[in-house]
Structures are given as C-alpha cells and as structure tokens.
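**Q** The structure follows.
Where a number appears in this text, it was derived from the coordinates with a stated rule and is not lab data. Quick caveat: nothing in here was measured; it's all calculated off a predicted structure. Neighbour counts are summed over all protein chains in view; Cβ atoms, including those assigned to glycine, are modelled from backbone coordinates with ideal geometry.
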Amino acid sequence: MGLVDLLQSIIPPALFFSAPLIFTALGGVFSERSGVVNIGLEGLMVMGAFVGIIFNLTFGDALGVWAPWVSIFVAMVVSALFSVIHAVAAVSFRADQVVSGVAINFLALGLGVFLTKQWYGRGQTDMVSHQFFTRDIPFLSDIPVIGDIFFQGIYWTSYLAIALSFVAWYVLYKTPFGLRLRSVGEHPMAADTNGISVYKMRYIAVILSGALGGLGGSVFALTIALNFSHATIVGQGFMSLAAVIFGKWHPLGAMGAALFFGFAQSLSVISGGVPVLEDVPQVFLLIAPYILTILALAGFIGRAEAPRANGEPYIKGTR
Amino acid sequence: MKNRKFVLLFALLLSLGMLLAACGGGDSGEGSTDSEAASDNEGNESGEEASTDFSAGMVTDVGGVDDKSFNQSAWEGLKAWGEEHSLEKGKGFDYAQSNSDSDYLPNLNTLVREEYNLVFGIGYKLEDAIKDVAEQYPDTNFAIVDSVVEGDNIASITFADHEGSFLAGVAAAKKTKTNKVGFVGGTDSDLINKFESGFRAGVKTVNPDIEIDVQYAGAFDAPDDGKLIASNMYSNEIDVIYHSSGATGNGVFAQAKDIKNNEPDREIWVIGVDRDQYAEGEIGDHNVTLTSMIKRVDNSVQEVSNQAMNGDFPGGEALEFGVEDEGVGLADTNEEAYTEEISGAVDEWKQKIIDGEVEVPQTHDELDDYLDSL
C-alpha cells in the first residue's frame, strides 16, 4: 500500500472519529480553564446525543436537509441548560466538583434511557433517517494528493470541529473575555480584586462546556451511532477529558490530542496492511493513546500543568 | 439561610435524578403490580378456563420486552405458548422487567414465590442469578437463553449460531461481486468465534476464491470502532459485511448508508444479526441490509414451555436450536437484494446441514480442518 493510499484510508476515518471528541474536549478546556473540573463531559455528551436523536426523529421530516443541523443546535442548547446543574453545585454551592460531575453523568444517562423508554416504549430509539452524510468538497477535492486525503468523503462537522478549535483558541488567548476566564482559573482572588466576577465567569465557562459537550454528543449520534440507547455514548466523554489533559488544557492541544486518538484508533484498524505495524498486536495500538495520556500526566512528555485553581471552589473574602 | 434552602432543593433534584435512573422502564411498576394482583386472584379462580394449571414466567434483561431483540422475541414465544393453551397474561404466564443488573435476583425470586412452574432468564447476563436461585428452589424449573448453566432443574437454551452464520456466508458469497467479504465481531471470544467460523466456512464452501477480512472491534457498544472498521473494509473493495457485534454494528450500518447515499449505484451490503435488521438498513429508496441471521428465541421458549408442561422438562440439558428446528435462519425481508437465486442456494445448504452432509465448524480449529477438507 502506497503512502498516499495509506493516508487516504487513515485520515478521513480518523476525522469522523475525532470530531465529537474535539467538540467535547473544547468544552472541557473552557470549563477547566475557569477552574471548574468537569467530569460530567460524558453525561453532557449523553444528553446531547439523546436530544439530537429525539429531535431528529420528531422533526426530521419537517426540516428536511436542515434537520441534522437544527438537531445539533437544539442539543447544544439543552445540554447548556443541563450543565447549569453542575455550575450551580460546583460554583454557587461549592460542592465537590468531581462528585457533582459524576452526578451529571448518572443523571444524564438515567434521564435519557428513562425518557426513551417512556416515549418509545423500549430501550432504544429507531434509527434516524436525517443524519449527516459525508461530502466531497468541490474544487478542493480535485487537488492531487491533498484533495484525496483531506477533502473527499469527510463530514462537514469534522471541519467545523477543527475550525471551532481555532475560534476557541482565539477567544481564550486573544480576547479580554478569554483573559478573564483564564484568570479566574489561575487565581480567582486576584481576578476578583480586579473587578472580575468569578462566579459569572465560571458559570459562563461551565455553560459553554455544556453546549460544546452537547454538540459533541449529538454529532457522535448523528454521524456514527444513528440511534440512542444506553450503549450510544460509552466512554467518549472520558476520552475527551483525556484529550483535555493530554493537550495541556489548550484548545489546539486538545484538538491535536483528539485527532491523535482518532488517528491511533484508525491505524489500529488498518494496521494489518501496513509494514512494521502488522507485526504489532492490535491491542497495543488501541491502548497507545491512553498510555500516552498517563505518561503526559506523570510528567514524561513535557509538564502537564493544570490551571492552578482547577477544582477549588472560590469563596469570596477568604485568602 | 436562603442559601441552605437552595442546597436542600438541589439535593432533592439530584436524588430525583437517581430515582429516575433507578426506575428506568416505565412499565416495570405496572408489570409487577399486575402479577401481584394476578397471584392474589389465582386463589379464587384458579384456571377456570385455562386448559392447564401450569404456568411459566420470564425475567428480561435490561432490554425490556420491546427491545426488538431477544427479550421481545422470548416474550412473543411465551405469549404464543399462552394463547396455545388459552392462558391470560398474569394468569399462567407473565414477565418481570429488569431495569438494571441488580434486578435479576429479586425478579427471579418474585416469580418463584408467585409459584410459576417454569421461569426463563433471558440473556447470558442472568446466568449467575439463575444459578443461585435454582439452587435455592430445587422444585421450580428454570431455563436460561443464550448461555449454559449447570443444574438439574435448569435447561440451557442455546442457538446454533455457526449454522445460521454458515447460511449468512452462503448468502454473502452469492451476493459479492468483488469476491471480498468482511466480518465484524464484537469481542474475540468463543461465542463470536462461533459466528466467524460458520460464516467463513459458508463463504469458502460456495467459492474458495473469496477473500474474507475478519476484524474484532473489542466491544459490543463501540459504534465508532464499528464505523472505522466498516469504512476501511468498504474502501478495500469489500462489498458485503456480516456483523455480529451488537450496537457496534450500528457504526457498520452508518458507514454503509453513508456510502449508499453518496453513490446510490454502488452495491454494498450489511448482513444483520440476532434479529431482522431491515429497518436499520433503510436509506432513502434503498436498503443496505441484505439479510439478517435471526435467532428464533420465540420458537425455543414455546417449545421448552410445552416440554415442561407435558412433564418432560429438559433439566440439566444444554439444548441447541439449529436450522432443523427453525432456531436460526435468514431473514428474507429485503426481496430486491435477497434474490431467489440466493434464497435457493441458502435453502439448498440448509437442507444439507439438516441432512448431516455438512458439519459446520464452531471453532477456529474446526474451521481449519473444514477448509482443508474442501
């Protein structure tokens, strides 16, 4: 297999695999940069997948080609509202953020499966018929080599994910809003003395993470799973969390990490046809991303430094 | 002070969530009260119309009786059995819905205490629970579907997955134009190897030149991995994929439908598993589901219930329902794709299996021997 063929069979699948992880990881970056640990990413994805599928099944026929786009938008909104629970617990009531995040995971899955059973009378929904489809990008796909690899048979949502990473980077690092958001995650008291409302910033960040987590979940549901059941989102939220950490809490780093996860997964599937790799047992390729995340956490690959006030509730007036 | 009220409210909200999560299926409450009410009534009007006082109940796994799969099929079998003997739901046959793995034991106990003579556990997940309860109640008969549990009062119902998969292989071999077919498995386990071996044997029997790519996703709930594998297979000119991987197979369907949507003229197919997955394959005016390897849980449940009622309960035995007793078979719902030529060939091989002319391999070792003998 030539190199171009090889890349052609690795990259497009890696992109669809990574897109939901990128969205969710960006959500994680926003939340954690503001100092709120978000273990609830998994639950937010479940919520997004649930709402995306239900909305698509209910209104898909009326909306036609726009159905998947409207569905992911609605999923974003609902998940953003849902994440308010986490914000209230973690920011206003200073609850343990890990516990509250775990509660989000339980709540989302329980609620999703419960309502599915109520509305559809069984444990899983039907398959949607208005999902996303891959597209060849006009003109760009005709470019030799690059066109075949990057512009053929790829979901729009994958491009959206990558574009959004740059937007997130710009927002976090080039705007006053981003500076404030990061400052409440590093040193909330200093930010507070400078007149930044710590609670407000943290609320906004958690709600943003809810919206992005919902986006990730609904994109997963509408490109890959196509229905909702208890087995739709299984661990993708935690993979996103790993991507946040592996990407050192940086939007582009998180994107890179998510792409790397997709790449490794894709590689493990086609490894049979690749020289050198075909001798490596598949399981090693499958676990490689996680091993690297642990190594990153342990400080072997650069220093993975979390925002300083990450996980600490801010109590006004204390030192 | 105000804050504290909020905390309380919030704690209530969260615990409500836990409650909701805990009581999943809406009809569970109803189901159990129904059966309780029924057992109360039983004393008064025991079997006035019914032709028998034998009763059978089943405990579902978390799927519920309308999961379009095992549980539903089993419940249909039990209902058919009930109708056959003019019994009514709650009087003579009933089910108990499990909403989580921790419900199996209580549900089994409930049915035993309501004096059901025969209690089915649907799905391999109940094997431990069945074993425990069967030891405690030696006078009640138990049956487990899709697993083997030892015990004098337990009948194990399994399916000849390899035979059904063999037929799926025949269909795939007849359908493929590129002479390349694929198999996507859940976990690389004995159970799924049985599917794989049967399938490969079926394909090679029809045409030894066909290449078969076998991939295991490593999980039954990883549609993303399923899609990756399918994407790779279809781009390597494989045109028929047989999946035996539960929800992971959703990814296979997703990929096939995506390709079909972009290139409606391209011939690519998926073969479903366990139940008829025709609905999963619909895309616009097309359908990518060639056929599905169906396990007829309903037939097996009905038959075992009848055996038990007539006093020859196959306790301690491991029953295997194969093609001859209609325990496994192929769906013919996609008439356009599943042509007469294919169904003719499938029927032909089905007959050969029944007649004992073909011994379908169940393991990799048996498969090697089988392929050598071709």
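**Q** With charges set only on the Cβ (+1 for Lys and Arg, -1 for Asp and Glu), what does the dipole of segment A:56-195 come to about its Cα centre, in debye to the nearest 20? Walk me through the numbers on the way to the answer.
**A** Values: 7 positive and 8 negative charges, 77 e Å.
Using Cβ point charges on Lys, Arg, Asp and Glu, segment A:56-195 gives about 360 debye.
**Q** What are the equivalent ellipsoid semi-axes of segment B:61-111, built from the alpha-carbon gyration tensor (square roots of five times its eigenvalues), in whole angstrom, biggest first?
**A** Values: eigenvalues 86, 41, 7 Å².
Equivalent ellipsoid semi-axes, largest first: 21, 14, 6 Å.
**Q** Could you tell me the extents of segment A:45-133's C-alpha atoms along the three principal axes, largest first, rounded to whole Å?
**A** For segment A:45-133, the Cα extents along the three principal axes come out at 44, 26, 18 Å.
**Q** To continue, here is another question. Counting partner chain Cβ atoms within 10 Å of every residue's Cβ in A:220-227, what's the average?
**A** On the way: counts 2, 1, 1, 7, 12, 12, 9, 6.
That works out to 6 on average.
**Q** In segment A:119-158, if every C-alpha pair distance is counted and binned at 10 Å from zero, what percent goes to each bin?
**A** 27, 31, 17, 15, 9, 0
**Q** Continuing with this model, one more query. Pick out which of B:GLY57, B:GLY356, B:GLY246 has the largest mean-square fluctuation in a Gaussian network model of chain B, springs linking Cα atoms closer than 10 Å.
**A** Result for chain B, Cα springs under 10 Å: B:GLY356 fluctuates most.
**Q** Take peptides A:281-291, A:110-120, A:70-80 and line them up by average Cβ neighbours within 10 Å, highest first, as a rough protection proxy.
**A** On the way: A:281-291: 14.6, A:110-120: 19.4, A:70-80: 23.2.
The peptides rank, most packed first, as A:70-80, A:110-120, A:281-291.
**Q** Let me ask another. Roughly how crowded by other chains is peptide B:247-254, in terms of the mean Cβ count from those chains within 10 Å of each of its Cβ atoms? Provide the component values of the computation, followed by the final result.
**A** On the way: counts 8, 2, 0, 9, 5, 0, 4, 10.
Counting Cβ atoms of other protein chains within 10 Å of each residue's Cβ and averaging gives 5.
**Q** Once you compute Rg and the Kirkwood Rh from C-alpha atoms, what is the Rg to Rh ratio for segment B:139-228? The partial results should precede the final answer.
**A** Values: Rg = 16.4 Å, Rh = 14.7 Å.
A ratio of 1.11.
**Q** Let me ask you something else. Could you give me D for segment A:231-273, from Stokes-Einstein at 10 °C and 1.306 mPa s, where the hydrodynamic radius is the Kirkwood radius over C-alpha pairs? Units µm² s⁻¹, please.
**A** Details: Rh = 11.0 Å.
Estimated diffusion coefficient is 145 µm²/s.
**Q** Something else: Classify segment B:172-289 as rounded, prolate or oblate, taking a ≥ b ≥ c as the square roots of the eigenvalues of its Cα gyration tensor: rounded when a/c is under 1.5, otherwise prolate if a/b is larger than b/c and oblate if not. Display every interim value, and only then the final one.
**A** Working: a/c = 1.63, a/b = 1.11, b/c = 1.46.
In terms of gyration-tensor shape, oblate.
**Q** Which log10 I(q)/I(0) values, to two decimals, does segment A:1-104 give at q = 0.13, 0.14 Å⁻¹ under the Debye formula with one point per Cα?
**A** -0.61, -0.67
**Q** Helix hunt in chain B: which complete DSSP H runs extend at least 15 Å axially by C-alpha with mean Kyte-Doolittle at least 1.0?
**A** Values: long enough: B:2-22 (30 Å, 1.45); B:27-44 (26 Å, -1.64); B:70-84 (21 Å, -0.97); B:161-175 (21 Å, -0.11); B:190-206 (24 Å, -0.06); B:223-235 (18 Å, -0.56); B:248-262 (22 Å, -0.78); B:297-309 (18 Å, -0.48); B:340-354 (21 Å, -0.53).
TM-like helix candidates: B:2-22.
**Q** Under 1.5 on a/c is rounded, so check that first for chain B, then, if it is not, pick prolate when a/b is larger than b/c and oblate when it is not; a ≥ b ≥ c are the square roots of the alpha carbon gyration tensor eigenvalues. All intermediate terms of the calculation are to be shown ahead of the outcome.
**A** Working: a/c = 2.18, a/b = 1.38, b/c = 1.58.
Because a/c hits 1.5 or more and a/b fails to exceed b/c, chain B counts as oblate.
**Q** I want the antiparallel fraction of DSSP beta bridges within segment B:251-374, as a percent rounded to 5.
**A** Details: 5 of 10 bridges.
Just about 50 percent of them are antiparallel.
**Q** Provide B:PHE313, A:PHE228, A:PHE177 in ascending order of the number of other Cβ atoms located within 10 Å of each residue's Cβ, fewest first. Could you put the intermediate results ahead of the total?
**A** Working: B:PHE313 20, A:PHE228 30, A:PHE177 12.
Ordered from fewest to most neighbouring Cβ atoms within 10 Å, B:PHE313, A:PHE228, A:PHE177 come out as A:PHE177, B:PHE313, A:PHE228.
**Q** Additional query: When you look at the Cβ of every residue in A:255-266, what mean number of other chain Cβ atoms sits within 10 Å? Present the calculation step by step, with values, prior to reporting the outcome.
**A** Values: counts 0, 0, 0, 0, 0, 0, 0, 2, 0, 0, 4, 5.
Mean partner-chain Cβ count within 10 Å for A:255-266: 1.
**Q** Would you mind estimating how fast the protein assembly as shown diffuses translationally, via Stokes-Einstein at 25 °C and 0.890 mPa s with the Kirkwood radius over Cα pairs, in µm²/s? Provide the component values of the computation, followed by the final result.
**A** On the way: Rh = 27.0 Å.
In µm²/s, the coefficient is 91.
**Q** Which residue, A:LEU212, B:VAL214, A:VAL167, has the largest displacement toward the positive end of the dipole of the protein assembly as shown when charges sit on each Cβ (Lys, Arg +1; Asp, Glu -1)?
**A** The residue sitting most towards the positive pole is A:VAL167.
**Q** Treat every Asp and Glu Cβ in the protein assembly as shown as -1 and every Lys and Arg Cβ as +1, leave all other atoms uncharged, and give the resulting dipole magnitude about the Cα centre to the nearest 20 debye. Display every interim value, and only then the final one.
**A** Working: 41 positive and 90 negative charges, 1274 e Å.
So the dipole magnitude of the protein assembly as shown works out to roughly 6120 debye.
**Q** Charges on Cβ only, +1 for Lys and Arg, -1 for Asp and Glu, centred on the Cα centroid of the protein assembly as shown; of A:GLN236, B:ILE130, A:ALA90, which one is farthest towards the dipole's positive end?
**A** Projecting each Cα onto the dipole axis, the largest value belongs to A:ALA90.
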